[in-house]
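Report on the following structure.
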């Protein structure tokens with residue numbers, strides 16, 4: 001005789017409970033395996049340590065972290081200072097070699113332009129002749145000179161102003 005409960009055969013109810021039991025048993029086994037792994041990791045972590053040595057280890061790590069934070073802050077400040085100082089360092093260069101006099105050969109004369117980030121600096125012009133070498137310097141402010149520039153000096157200045165520091 002088949003018994004009915006709420007319009008469902010009792011065999012189906014028993015099969016449902018059996019399936020639910022198997023599912024719950026699987027969940028319990030998975031949790032047991034996970035707990036075993038967790039206990040194993042905990043034992044490895046605590047192996048040979050008591051509360052005092054564990055506290056010392058944690059405090060030691062905290063000191064190391066504080067040292068790293070302070071070192072990082074110092075490095076950031078140093079980098080900012082370096083970048084600030086770089087604005088005043090000559091970082092753009094232009095060099096033009098030429099023959100100052102027709103009777104001389106070998107391009108022994110030159111114009112050298114050295115500029116910082118905002119195009120302030122100077123041009124050194126060295127003219128070589130049979131009698132000697134004459135050197136002149138002209139101040140450059142914001143890419144311009146108060147004194148008139150020779151063609152080679154203009155070329156060196158243009159070269160320096162268009163100098164790309166990232167390619168050098």
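For the chain, set up a GNM with springs between Cα atoms under 10 Å and report which of 21, 81, 145 has the largest fluctuation.
Sorting by GNM fluctuation, first place goes to 21.
Counting alpha carbon pairs within less than 8 Å and at least 6 residues apart, what relative contact order, in whole percent, applies to the chain? Spell out each step's value before the answer.
On the way: 182 pairs, mean separation 26.0, N = 168.
The value is 15 percent.
GNM on the chain, C-alpha springs below 10 Å: top fluctuator among 16, 94, 34?
Of the options given, 16 has the highest mean-square fluctuation.
Any idea what angle helix 10-46 forms with the longest principal axis of the chain, computed on alpha-carbon atoms, 0 to 90 degrees, nearest 10?
Taking Cα atoms only, the helix is inclined about 50 degrees.
What FRET efficiency would be calculated for the residue pair residue 131, residue 161, taking the C-beta separation as r and a Förster radius of 35 Å, to the nearest 0.05?
Numbers: r = 33 Å, r/R0 = 0.94.
So, using R0 = 35 Å, E works out to roughly 0.60.
Between 0 and 90 degrees, rounded to the nearest ten: what's the tilt of helix 151-161 against the longest Cα principal axis of the chain?
For helix 151-161, the angle is close to 10 degrees.
Note the angle between two axes, namely the Cα long axis of helix 51-86 and the longest principal axis of the Cα atoms of the chain, as a number of degrees from 0 to 90, rounded to the nearest 10.
The helix 51-86 is inclined about 30 degrees to the chain.
May I ask you to derive the FRET efficiency for residue 79 and residue 36 from their Cβ-Cβ distance with R0 = 30 Å, giving the value to the nearest 0.05? Provide the component values of the computation, followed by the final result.
Values: r = 50 Å, r/R0 = 1.66.
Computed FRET efficiency for residue 79 and residue 36 comes out at 0.05.
Since every read-out is calculated from the coordinates, none of them should be taken as a lab result. Only a predicted model underlies this, so the values are computations on that prediction, with no experimental measurement involved. Methodologically, a virtual Cβ is constructed for each residue, glycine included, from the backbone with ideal geometry; neighbour enumeration extends over all protein chains shown.
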